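The values are calculated or read from the model by the stated rules, or taken from the named source; none is laboratory data. Just so we're clear, the structure is a prediction, and the values are computed from it rather than from any experiment. All Cβ positions, even for glycine, are placed from backbone atoms using ideal geometry, and neighbour counts span all protein chains on display. When the accessible area is computed, the model is the full protein with side chains, heavy atoms only, and any ligands, DNA or RNA have been set aside. Shrake-Rupley method; radii C 1.70, N 1.55, O 1.52, S 1.80 Å.
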Amino acid sequence: MWVRSTMAYRVSFVMMTVGNFAATALDFVAIAFMFSHIDALGGFTLPEVAFLYGTTSTSFGLADLVLGNLDRVGRRVRDGTMDTLLTRPAPVLAQVAADQFALRRLGRVTQGGLLLGWSLARLDVAWTPVTVLLVPVMLVSGAVIFGALFVAGAAFQFRAVDAAEVQNAFTYGGTTLLQYPPSVFARDLVRGVTFVVPLAFVNWLPALRVLGRDDPLGLPGWVDFASPLVALVCWVIAGLAWRVGLRGYRSTGS
């Protein structure tokens, strides 16, 4: 329904999508400006940073396209519209995700995908069947991990109604963090996004394998291939958190 509504005003849709594309592209423009004064950032070249940027932007863009509206859960709890969703014969999670579905968010996915393609054409790496397969696996696993963060954040909003910005700190903030090499951050922060909130499995760890870079934490080599398993665990935990949050919901003011 929302897609049909969006496509009824196609010029507006194109303008919004292009605007979304341009707004997200400005992040990389800032990085490109930095490279006009330096040759490497944390030991990474511009194509390597573009690879990090493209992978995390594409993964986050896919998750944001499908589940980005979950940050409205707190608002629905406040105004009582969550009660309406509970009376419909459809999963509440699917209803919240589909509500006001914004097809214009394809702009972020497109921008990330184009930049990823540009970086792949300029990377000086020894491609093998394993590293070639690792790229699409990384993108899908990263999207699932970000999706799990959206769901977990939405579940938290059943308890802390005004917590949308807390959720955004891990989703939007996380994708900004992963656009830069891990070598520019403190080791404690890298540990935190590896073992506490496993954002490093979105692109840092598998990307280091593709780029032939050393892991700053010195983890075993098999960890670079653990993104699908981490994504599955994250989704299971997020699903359980959503069920607990929804079961604890007691209408407006709960």
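Peptides 53-62, 122-131, 201-210 ranked from most to least packed, by the mean per-residue count of other Cβ atoms within 10 Å: 53-62, 201-210, 122-131. The residue among Leu116, Phe185, Ala164 whose Cα reaches farthest toward the positive pole of the charge dipole of segment 115-254, with charges on the beta-carbon of Lys, Arg, Asp and Glu, is Ala164.
Report the net charge of residues surrounding Thr17, where surrounding means a beta-carbon distance below 14 angstrom and charges are Lys +1, Arg +1, Asp -1, Glu -1. Present the calculation step by step, with values, prior to reporting the outcome.
Details: positive: Arg10, Arg104, Arg105, Arg108; negative: Asp64.
Net charge in that neighbourhood comes out at +3.
Solvent-accessible surface of segment 15-154, averaged per residue with a 1.4 angstrom probe and all protein chains in place: 44 square angstrom.
Using bins of 10 Å that start at zero, the share of Cα-Cα pairs per bin across segment 1-106 amounts to 12, 31, 27, 19, 9, 2, in whole %.
Rounded if a/c is under 1.5, else prolate if a/b beats b/c, else oblate: with a ≥ b ≥ c from the C-alpha gyration tensor eigenvalues square-rooted, which is segment 54-141? Intermediate values should be presented prior to the final figure.
Numbers: a/c = 4.28, a/b = 2.78, b/c = 1.54.
In terms of gyration-tensor shape, prolate.
Between the helical axis of 164-178 and the dominant principal axis of the chain, each derived from Cα atoms, what acute angle in degrees is found, rounded to the nearest 10? On a 0 to 90 degree scale, this one is about 20. Distances between every pair of Cα atoms in segment 103-254, grouped in 5 Å steps from 0 to the bin holding the largest one, split as 2, 8, 16, 20, 19, 15, 9, 6, 3, 2, 1, 0 percent. When the chain is described by a simple charge dipole with +1 on each Lys and Arg Cβ and -1 on each Asp and Glu Cβ, the residue from Phe150, Phe33, Thr58 located farthest towards its positive end is Phe150.
Can you give me the % of accessible surface on segment 118-254 that is carbon or sulfur? Probe 1.4 Å, all protein chains present, nothing else counted. Write out the running numbers ahead of the final one.
On the way: 4470 of 6740 Å².
Taking all protein chains in place, segment 118-254 shows 66 percent carbon and sulfur surface.
When only the Cβ of Lys, Arg, Asp and Glu is charged (+1, +1, -1, -1), the dipole of the chain relative to its Cα centre reaches about 900 debye.
In segment 20-113, what percent of the accessible surface is made up of carbon and sulfur (1.4 Å probe, ligands and nucleic acids excluded)? Summing carbon and sulfur atoms, their accessible area is 63 percent of the total for segment 20-113.
Per residue, the chain reaches -21000 deg cm²/dmol at 222 nm when only DSSP H runs of four or more residues are counted, each adding -39500 (n - 2.57).
Seen from all directions on average, the chain presents a Cα convex hull projection of 14.8 nm².
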